[in-house]
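Peer 1: This is the structure I have questions about; it appears just below.
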Amino acid sequence: MADIIYTTDKQCIICEKTFQVTKVRSRMVMTKQDSDFCTYYKDVNPYYYTVWVCPHCGFAAQDTEFAQLSSSAIEKIGKFLASRKVNVNYSGTRTRDQAIATYKLALFYADMAMLPASKLGGLYLRLGWLYREGEQPEEEIRALAKAAEYYDKALSAERMPIGGMSELAVIYLVGELLRRTGEIDQCLLYFNKIVSSPQAKLEKRIMDLTREAWHQARAARDEAAAAAQEPSKV
């Protein structure tokens, strides 16, 4: 693993002090991908290191957003942290629990900074993936439900693409997250939007994923309906 992860110095946008962040090299081997785009890699999970945390002031953000805050957000967070004593250090190799803690911190500051809904959606989505890896289904479902909520807001409030996803990909993702969290009737509404879209024929992968998820959702709905009609056992 030593040749896959490495540390580098960064300057905190809040306290302006230098600290070390752990990064993952780009030459990683993908082994599989789930239907909600959770990707698995050989040797190391890069999602462990997506969030950077300053050990001096405690500010945390996704690596791509760490230096992108507005001046008003920097001032707001700076005032919040000014009177607080921080004792955190997430440099070096992280455990899953440490990675989960960094996402919770990043979500707290992202909300304080009033970042776009898609940014919070992305953080909740990756948090859900970490819970999945740790076989914590209840926590995973809660995180994925929040991800669906924020991505749905992004669909009506943000310009596409977002997070490297087209509008149809985001619609599919919202539907798939709803399916995974048990919101079957709602998820079918999103899948139907894709099926009925003329643009869908230009995005074959999204269309294929949608068809598969649609069939799974219909099967789950039919199974639930059948179970509800069965006579209760005394």
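The values are calculated or read from the model by the stated rules, or taken from the named source; none is laboratory data. No experiment lies behind these values; they were computed from the predicted model shown. Here the Cβ positions follow ideal geometry from the backbone for every residue, glycine too, while neighbour counts run over all protein chains shown. All accessible areas refer to the heavy atoms of the entire protein, side chains included, with ligands and DNA or RNA removed. Shrake-Rupley method; radii C 1.70, N 1.55, O 1.52, S 1.80 Å.
Peer 1: What pairs come out if I take residues in the range 151-170 that are of a type in the set (D, E, K, R) and pair them with residues that are open to solvent by 40 Å² or more (accessible area, probe 1.4 Å) whose C-beta lies under 6 Å away, six or more apart or interchain?
Peer 2: Going by the 6 Å Cβ cut-off, the qualifying pairs are GLU158/PRO116; GLU167/MET160.
Peer 1: Identify, please: which residue in the range 68-96 is in a helix (DSSP H, G or I) and without any contact (Cβ under 8 Å) to a residue 24 or more places away in the chain and is, among those, surrounded by the most Cβ atoms within 10 Å (Cβ to Cβ)?
Peer 2: Applying the filter and picking the extreme gives GLU75.
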